[in-house]
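Student: Submitted below is the structure of interest, expressed as structure tokens.
The values are calculated or read from the model by the stated rules, or taken from the named source; none is laboratory data. All values derive from a computational prediction rather than experimental measurement. Neighbour counts run over all protein chains shown; Cβ positions are idealised from the backbone, glycine included. Note: accessible area is taken over every heavy atom of the protein model, side chains too, but ligands, DNA and RNA are not part of it. Shrake-Rupley method; radii C 1.70, N 1.55, O 1.52, S 1.80 Å.
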There are 2 protein chains.
Amino acid sequence: VSAPIVFSGSPLDRLDQRRKDAAWITAQLGDESTRVLPVWRLSVLVRSGGTPSLAWATSSLLESVGAGTPPVFLGVVDQVAHFALDISSTAEPIKELEWEGVAEFPDLRAIAGQLPAGEAAIAAQARHLVDWHARHGHCPGCGSRTEARDGGYVRLCSECGAEHFPRTDPVVIMLATDGDRCLLGRQPNWPKPFFSALAGFVEPGESLEEAVRREVMEEAGIRVGAVRYLASQPWPFPASLMLGCVAEALDTQIVVDGAELEEAVWFTREQVVSAFESATQDLAVPPPVAIAHQLMRAWALEDARP
Amino acid sequence: VSAPIVFSGSPLDRLDQRRKDAAWITAQLGDESTRVLPVWRLSVLVRSGGTPSLAWATSSLLESVGAGTPPVFLGVVDQVAHFALDISSTAEPIKELEWEGVAEFPDLRAIAGQLPAGEAAIAAQARHLVDWHARHGHCPGCGSRTEARDGGYVRLCSECGAEHFPRTDPVVIMLATDGDRCLLGRQPNWPKPFFSALAGFVEPGESLEEAVRREVMEEAGIRVGAVRYLASQPWPFPASLMLGCVAEALDTQIVVDGAELEEAVWFTREQVVSAFESATQDLAVPPPVAIAHQLMRAWALEDARP
């Protein structure tokens, strides 16, 4: 995969050891140069007008929005600390914080491909972590309240003392190929003629390669032989790590499961290449922000093979 | 990686769609041919004497041990359904269930390499899922009780209705190489001269390749260029997916972090090859059950390069 993978390439140094030091985190939050990325209902703040870019506040934002979830440490670049802050409890942040005409909270999936290199990765990290905190206020072991620690990379149970860590779900996404054809699927809720690579969560007790084989068999009834990993992508909707592969189909007779896919079709290389230019009657491909697009491009144009 | 990866290669078909049907699951549990793998305090039951192999009970075991966690569906082979059952509430299962001299609960990590092909993968699936159920009796969102559904692949919150899915943590494990030398590390609690590949959890907002670069820099102070994925391994201690890579070191001056590693050392190919035969004064390598061993073998003997 030669094109950059959107949601990767963050310039920030996460300082995994340093962030465990609560005094250091507090000192960073007291520093005027520190930058805070507001996250509202899982959208990050982006500058309005012109080329989109992340809109950063200072840590005085913590006082403006009151004490809620503590800020999550994202990392440091050029000695400047960066945090994300969940301000979802603010009803109308653009109005209340006087950002009208200055910044907005667009849908991250729609805007990510337009952000400068690396900024989508920062947004991914922020969205993923803020969402994890929002949905893990209690200990799954005993049900008691948990509290954020270590700059937001641990939640500690106030009752049983269990430590909980951010969850990242590995997902396989694969282009099964049969010579000059590749297998694409359409989920029931996708408009025709939109098709993409097949995908699914890796399950307990299986390798990446086994997950690829299981998913292609389940969803399309196609047996798979060789599997080759090509590239990965953080996908914070809400918490996936996409592991992109090409896979060798061992047979060609498609049987869709009907549940996950409504339709699966073999498309020729020519059909895929045409659809990169613009959607055809038969095929609209995923946008470049999706690793599925990059897998298709690597196979169709760069000769990536299983 | 040419050697089989222990904990992968399960013969079971997981029937992901079928297992959602509670009536079908109940029917399987009523079938005399159904096999149930007892799991006691995270060890699976293994036959005593001779070559180790998994020891299966029938579903009458559910009556013997009383109603606790419901059985977890593992999959089907030759039309026989397989389940795992957590019997940890039984104080002395070997005695109480009259398995003395017949079967035992050895440490899975110690026994896995001796199990027949595919059985360690079944054990991994069972251990991973049973542990997940044991530690997720409450909803992380609201703290209320959760209940198992879908053959054990969902826990449903009784209060807020949130569905929770088994958690699998992606971990990068990598052999950084500098020509004919590879970088191995020793954690503070490991006895000398035991060394292994560096490893760490993938964090929110980073790709596999970025996690490799970050971990090698954090733990050993070495910059990494090209990263090549080689193989993966389910590692149910408790819930990891090991993603094994070789990585190109861009410099050679080691600076250990002191927290995660006590020591990191460049070892030559010759030193590694010698240590495969038997531990030397300088180096004892991980056993073949660990993907670290397979990565080292692929690099040292099969010319796998970044």
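Student: Which whole-number percent gives the relative contact order of segment A:246-306, counting Cα pairs below 8 Å spaced six or more residues apart?
Tutor: Worked out over segment A:246-306, it gives 36 percent.
Student: In square nanometres, what is the average projected area of the Cα convex hull of segment A:55-146?
Tutor: Over every viewing direction, the Cα hull of segment A:55-146 projects on average to 7.5 nm².
Student: Scaled to the compact-protein estimate 2.2 N^0.38 Å, what is the alpha-carbon radius of gyration of segment A:165-210, rounded to two decimal places? Each step should come with its number before you reach the end.
Tutor: Details: Rg = 13.7 Å, N = 46, 2.2 N^0.38 = 9.4 Å.
Segment A:165-210 yields a ratio of 1.45.
Student: Run the simple label-point estimate for residue A:41 and residue B:160 please: 7 Å along Cα→C-beta, distance reported in nm.
Tutor: Roughly 1.7 nm, to one decimal.
Student: Taking K and R as +1 and D and E as -1, what net charge do the other residues with C-beta under 15 Å from the C-beta of residue B:60 add up to?
Tutor: -4
Student: Further, regarding this structure: Would you mind counting up the charge near residue A:285? Only other residues with Cβ under 12 Å from its Cβ, with Lys and Arg at +1 and Asp and Glu at -1.
Tutor: Within the 12 Å Cβ shell, the charges total 0.
Student: For peptide B:138-147, how many partner chain Cβ atoms fall within 10 Å of a residue's Cβ, on average?
Tutor: 5
Student: Would you mind telling me the antiparallel percentage of the DSSP bridges in segment A:185-306, rounded to 5?
Tutor: For segment A:185-306, the DSSP antiparallel bridge percentage is about 90.
Student: Taking each residue in A:20-26, count the Cβ atoms of any other chain within 10 Å of its Cβ, then average. What number comes out? Provide the component values of the computation, followed by the final result.
Tutor: Values: counts 1, 0, 0, 0, 0, 0, 0.
Taking the mean over all residues of the peptide, I get 0.
Student: Students often get this wrong: which residues of segment B:88-122 have the backbone nitrogen under 19 Å from the point 7 angstrom along Cα-to-C-beta of residue B:189?
Tutor: From segment B:88-122, the list is B:107-111.
Student: Using only helices, what value at 222 nm comes out for chain B when you add -39,500 (n - 2.57) per DSSP H run of length 4 or more and divide by the total residues, to the nearest 500 deg cm²/dmol? Provide the component values of the computation, followed by the final result.
Tutor: Working: 8 runs with 72 residues, N = 306.
-6500 deg cm²/dmol, from helical runs alone.
Student: Okay, moving on. Just to be sure I understand: if you take the accessible area of chain A alone plus chain B alone and subtract the pair, with a 1.4 Å probe, what total do you get in Å², rounded to 100?
Tutor: Details: alone 14480 and 14510 Å², together 25400 Å².
Roughly 3600 Å² of accessible surface disappears when A and B pair.
Student: Then there's this: In segment B:119-175, how does Rg compare with the Kirkwood Rh, expressed as the Rg/Rh ratio over alpha carbon atoms?
Tutor: 1.08
Student: Here's another thing I want to ask about it. Which order do peptides A:195-207, B:108-120 fall in by mean Cβ count within 10 Å, highest first?
Tutor: Highest-to-lowest ranking by the protection proxy: A:195-207, B:108-120.
Student: Shielding by partners for B:160-169, please: the mean number of other protein chain Cβ atoms within 10 Å of each residue's Cβ.
Tutor: Partner-chain Cβ atoms within 10 Å, mean over residues of B:160-169: 4.
Student: Distance between the C-alpha centers of segment B:175-234 and segment A:19-46? Whole Å please.
Tutor: If you average the Cα positions of each part, the centres end up 29 Å apart.
Student: Mind checking the full-extension length gain between residue B:109 and residue B:80? Use 0.36 nm per residue of separation minus the Cα-Cα distance, one decimal, nm.
Tutor: Between residue B:109 and residue B:80, full extension yields 7.8 nm more.
Student: Counting only DSSP beta bridges with both residues in the protein assembly as shown, tell me the antiparallel percent, nearest 5.
Tutor: Given both bridge residues lie in the protein assembly as shown, the antiparallel proportion sits at roughly 75 percent.
Student: DSSP beta bridges in chain A, what fraction antiparallel, as a percent rounded to 5? Before the final figure, lay out each step's value.
Tutor: Numbers: 42 of 57 bridges.
Close to 75 percent.
Student: With each label point set 7 Å from Cα along the Cα-Cβ vector, what nm distance links residue B:277 and residue A:53?
Tutor: Calculated label separation equals 6.1 nm.
Student: Whose amide H sits under 5 Å from the amide H of residue B:176, counting only residues 5 or more places off or on another chain, with H placed in the peptide plane?
Tutor: Distant-sequence amide H within range of residue B:176: B:183, B:198, B:247.
Student: To one decimal place, what orientation-averaged projected area in nm² is obtained for the convex hull of the Cα set of segment B:258-306?
Tutor: Details: hull surface 16.5 nm².
Taking the Cα atoms of segment B:258-306, their convex hull projects to 4.1 nm² on average.
Student: Assume the label is 7 Å from Cα along Cα to beta carbon: what separations in nm does residue A:248 have to the matching positions in the other copies?
Tutor: Copy-to-copy label distances at residue A:248, shortest first: 2.7 nm.
Student: At residue B:134 and residue B:21, where each label point lies 7 Å from the Cα along Cα→Cβ, what is the point-to-point distance in nanometres?
Tutor: Those two pseudo-labels are separated by 3.2 nm.
Student: Compute the whole-percent fraction of alpha carbon pairs in the protein assembly as shown spaced more than 43 Å apart.
Tutor: Details: 42798 of 186966 pairs.
Result for the distance tail: 23 percent.
Student: By per-residue mean of other Cβ atoms within 10 Å, what is the highest-first order of A:8-14, A:232-238?
Tutor: For the peptides A:8-14, A:232-238, the packing ranking is A:232-238, A:8-14.
Student: Further, regarding this structure: Taking the Cα centre of each part, how many Å lie between segment A:262-306 and segment A:58-105?
Tutor: Value for the Cα centre distance between the two parts: 39 Å.
Student: ³J(HN,Hα) across segment B:143-159 via Karplus (A = 6.51, B = -1.76, C = 1.60, θ = phi - 60°), whole Hz, x for Gly/Pro?
Tutor: Along segment B:143-159, the couplings run x, 6, 5, 10, 10, 5, 9, 6, x, x, 9, 9, 10, 9, 6, 5, 9 Hz.
Student: Could you provide, to the nearest whole Å², the per residue accessible area of segment A:1-112 with probe 1.4 Å?
Tutor: 50
Student: Another question, if that's okay. Where does each of B:283-296, A:70-83 land if you order them by average Cβ count within 10 Å, highest first? Please report the intermediate quantities before stating the final value.
Tutor: Numbers: B:283-296: 22.4, A:70-83: 20.1.
In descending order of packing, they fall as B:283-296, A:70-83.
Student: Hey, what do the phi angles of segment B:51-60 turn into as Karplus ³J(HN,Hα) couplings, whole Hz, using 6.51/-1.76/1.60 and θ = phi - 60°, x for Gly and Pro?
Tutor: Those phi angles translate into 6, x, 7, 4, 9, 9, 9, 9, 6, 5 Hz.
Student: At 1.306 mPa s and 10 °C, plugging the Kirkwood radius over alpha-carbon pairs of segment A:106-234 into Stokes-Einstein gives what diffusion coefficient in µm²/s?
Tutor: 89
Student: Something else: Kindly provide the pair-distance distribution of chain A built from C-alpha pairs, with 20 Å bins from 0 and whole-percent values in order of increasing distance.
Tutor: Spelled out per bin, shortest first, that is 30, 50, 20, 0.
Student: To continue, here is another question. Bin all alpha-carbon pair distances of segment A:15-62 at 5 Å intervals from 0 and give each bin's fraction as a whole percent.
Tutor: Result returned by the calculation: 5, 19, 19, 21, 19, 11, 5, 2.
Student: Now for a different question. In the neighborhood of residue B:262, defined by Cβ-to-Cβ distances under 13 Å, what is the net charge if each Lys or Arg adds +1 and each Asp or Glu adds -1? Please list the in-between numbers first.
Tutor: Values: positive: B:186, B:192; negative: B:219, B:257, B:260, B:263.
Residues near residue B:262 contribute -2 overall.
Student: With a 1.4 Å probe and all protein chains left in place, how much of the accessible area of chain B comes from carbon and sulfur atoms, in whole percent?
Tutor: 49
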